[in-house]
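Novice: One structure follows; several queries about it will come next.
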Amino acid sequence: MACLRNPSARTTSPLNWVLAGSASTVRDLIFLIIGLIGGWVGNYYFYRKQASQTDTISDLVVAALDRNYEQALRNGVKHASTIHAVREIDVEVGELGDLVTIRNKMDSAYRELKTSTAEEGPTLSQMHRFKALGDRWSELASVDLNLRILEEDGRIELDRVIAVHKNIFPDNFPWAGKFRTDHVTVVENFGTVTRVVDTVPAESKFQPIAPEHIDENLARLISHWNSSIDSLVDRDPKVKIDEVANFHHEFELVHPFLDGNGRIGRMLLEEQLSLLFQCSLKFGPDRTDYYHALRMMNVGEKDHLKELIQDELGKFNVAL
């Protein structure tokens, strides 16, 4: 018997199967995309939240250091035990020669700072160790990275000064590439010069340019150098040395950064002398002699720093 097809029954053709499968696939893709977007948004939210919390902790540490370091140092240098402790840290850190070791010690010091900031506040020893490690890093990195501040034509651009300052410090160092925002007092401890009696500890202090005047003073100093460079190249060696010595001293008086001013200043001095005397040289005098020359510049005696520069040029057989 022939089977009669029920005209009311629906028949699924191959095309219908394809269309049904395509709709299902599209629907699955839409759900997949929505899931991916939702996951990305969720991950981004928690990442930003964690980053914000980390930034907040860093800001607290930096604020505590900015607020306490200079005041603690000013008060602390009056006590022999504090002077001894700070010098011990400088000697210890100054012997480090490996950037990875310094980085690890900085991470450890930073964790201590975060903990102490949340409790009673960082001690002078903790703050000085962290800053001393950063300075030692910059001392090594400035040599290894072979960074240049002067432009090819010998001029100075402020953005480049800031960029080099940022790059000679490790990542996330709080003050890298940033002008200081607080008043500071630069304190230097040294021994008196004697013939017979014991050497007596002494100190010198000076207050650099106020933070609100850093921009204008640094811009004026850089502008003076840039406008003088073309004529300086052909001037007498004594004029060149006088100009570089004055620039270096005034840069240190501006003291634009909380850390690394001496490092950046000496990098500039090296490049300025190399440019003006057409040779590649390094400025590496005895540290005691160098700081003594700067102290004398502070009271108007320029000859010490100029003689120091002449001696350094002599090491590279520069005709004067």
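Novice: Taking the range 252-285, which residues are among the polar types (S, T, N, Q), touching a helix residue (DSSP H, G or I) at 6+ places or on another chain (Cβ under 8 Å) and part of a helix (DSSP H, G or I)?
Specialist: Answer for the range 252-285, where residues must be among the polar types (S, T, N, Q), touching a helix residue (DSSP H, G or I) at 6+ places or on another chain (Cβ under 8 Å) and part of a helix (DSSP H, G or I): ASN261, GLN272.
Novice: When only residues in the range 270-288 that are more than 18 Å from ASP234 (Cα to Cα) and among the hydrophobic types (A, V, I, L, M, F, W, C) count, which is surrounded by the most Cβ atoms within 10 Å (Cβ to Cβ)?
Specialist: PHE283
Novice: Filter the range 210-251 for residues that are part of a loop (DSSP other than H, G, I, E, B) and among the hydrophobic types (A, V, I, L, M, F, W, C); which is surrounded by the fewest Cβ atoms within 10 Å (Cβ to Cβ)? Please lay out each step first, then the result.
Specialist: If we filter the range 210-251 for residues that are part of a loop (DSSP other than H, G, I, E, B), which is where we start, we get 210, 233-236.
Filter once more, so that each one left must be among the hydrophobic types (A, V, I, L, M, F, W, C): 210, 233.
Values: ALA210: 11, VAL233: 13.
Going through the qualifying residues, I end up with ALA210.
Novice: Output the residue which, of all residues in the range 87-139 that are among the aliphatic types (A, V, I, L, M) and more than 24 Å from PHE190 (Cα to Cα), is surrounded by the most Cβ atoms within 10 Å (Cβ to Cβ).
Specialist: Here the answer is LEU113.
Novice: Show the residue pairs that are 6+ apart or on different chains and have beta-carbon atoms under 6 Å apart, the first residue being within the range 221-235 and outside the structural domain of SER274 (by TED's automatic domain parsing) and over 12 Å from GLN272 (Cα atoms), the second being of a type outside the set (Val, Ile, Thr) and modelled with pLDDT of 95 or more.
Specialist: Final answer for the pair search is none.
The values are calculated or read from the model by the stated rules, or taken from the named source; none is laboratory data. Small disclaimer: the values here were computed from a predicted structure and weren't measured. Virtual Cβ from ideal backbone geometry, glycine too; neighbours counted across all protein chains shown.
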